[in-house]
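Please treat every number below as a calculation from the coordinates, not as lab data. Model, not experiment: these values are computed from the prediction. A quick note on method: Cβ atoms are made from the backbone with ideal geometry, for glycine too, and the neighbour counts reach across all protein chains shown.
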Amino acid sequence: MMGFIRVYCLVLFITLRASYTKGVRECVEGEVRLEDGEGDYVGRVGLCYRGQWGSVSQDHINEQVARVVCQQLELPSHDPKVVMQYAGAKGPVHLSRVVCSGNESSLLECHHQKENGRGPGSWFGRDIGVSCAPPCREGEVRLLRSRVQTCHNQVWGYICFSPDTWTHQSARVVCRELGLTSEEALADHEGFHKRFFPHFANLTNCTGSEGRLGDCPQSSNQERCGNHAAKAYCSGIERCPGNETVRLRELDRNMGSNVGRLEICYNGYWQSVCRHNATGPTSAIVACRELGYSNLLKATFTSIGLYDVTLPSIPILWEGLQCHGNERSLSDCPRRNGFHNCINWEDVVLHCRVKECNETDVRLVGGQSAAEGAVQICQNGLWVSVCDTRWDYRGAEIVCRQLGYHGSFYALREHVGSLQDSFIMNSTVVDCQ
């Protein structure tokens, strides 16, 4: 009786991603820049270190960091500030625990800790942003990543959010004042840290017909303010066909269509779900089932802040999704509607892993024809690639015969593209007796 033995000594999933080619310098050592911001004076701090652009962690920094960055960029600033944390490190994280006196000529001259290129997915995957904005005019309004800010005493600050006073009518006035589309403006809110910007408790009760936010009735009552900033969406929120429809918005085409930001159609617009206080496994199962996935192997919730992607910011609909697993739809699950304590980097990313193959199946991928390519076998319902350790013509003969090919064959060892699958590492032994 003939057969073959497959020995798996170690299973390891490794994804390596590089944003540069070794030996090619992209920038000048110590150079800084602002990116991913709204305007020329606000953005994520990019830092050139060892010829590569990376970021600076928000861990244990002080406010003088902003002054040094703005001075280095030669941007006139009345009140430089560390304004926010950007979730999902863009490139390697070069520095953390940066403490400046304010007199340094370069960010690298500040006291700091080098992070050796730590990437997204850890505490160090939260980058700092800086505002180098020039002095503002009293009552001036702007949007900072959809958060509404107004100028008071030449300082930018957030408008305090209250569900009773910050409405779609208020958002409409803001958009109109900024010269943006106002008819379909949407109001929302987001948690924020008071150290980044002060908040002004000028709660508004706009009717929607005012020409400026300053024309709306104001209130100095801070009782319901807390740490929530008002937001306004003037455009870019995609309409959807009806209520309670679910979809995945693709993060990256290389990740596949079964991974994406979970979005709910509500009141005619696509809105996100917050990862905070959600029952991940059971809620993810219900979401995958509602999306039409069957033969599920695994369903998971993660936060979009762990991915190096940029998607449009959209309103947050639900927090604390608490599905039990037997619900037919996410709308049947307990959750918190409306008022939430979330920010957009906590948007849920859903991954629906389905059964791809049957045990003992084998295939060739990435070749010029169906008769050549990298070897993959089926393990636990998923395709995994085989490392070339101890690979020889005997293994190739078995694969070709299993695929129905007879005649000559070759056993090759070479790097094959950028396969995203798991690899069986170190000892892959195929032996026929």
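When peptides 279-287, 126-134, 291-299, 139-147 are ranked by their average number of other Cβ atoms within 10 Å per residue, the highest-first order is 126-134, 279-287, 139-147, 291-299.
Mind checking the full-extension length gain between GLU109 and GLU359? Use 0.36 nm per residue of separation minus the Cα-Cα distance, one decimal, nm. It would help to have the intermediate numbers written out before the result.
On the way: separation 250, 0.36 × 250 = 90.00 nm, distance 5.73 nm.
Gain on stretching GLU109 to GLU359: 84.3 nm.
Of the peptides 172-185, 47-60, the order by per-residue mean of other Cβ atoms within 10 Å, starting with the highest, comes out as 47-60, 172-185. Applying the Kirkwood pairwise sum to the alpha-carbon positions of the stretch 302-345 produces a hydrodynamic radius of 12.2 angstrom. Computed from the Cβ-Cβ distance with R0 of 51 Å, the FRET efficiency linking ARG401 to ASN326 stands at 0.65. Share of pairwise Cα-Cα distances greater than 18 Å in the stretch 245-354 is 42 percent (whole percent). Couplings 3J(HN,Hα) for the stretch 67-72, derived from phi with the Karplus relation 6.51 cos²θ - 1.76 cosθ + 1.60 (θ = phi - 60°), are 4, 5, 4, 5, 5, 5 Hz, where x marks Gly and Pro. Stretched out straight at 0.36 nm per residue, the stretch from ARG50 to THR245 would grow longer than its current Cα-Cα span by 65.4 nm. Full extension of the segment from SER257 to THR300, taken as 0.36 nm per residue of separation minus the current Cα-Cα distance, would add 14.0 nm. With R₀ set to 56 Å, the beta-carbon distance separating SER369 from VAL28 gives a calculated FRET efficiency near 0.75. Describe numerically, in nm with one decimal, the distance between label points set 7 Å from Cα along Cα→Cβ at LEU180 and at GLU238. Inter-label distance under the simple model: 1.9 nm.
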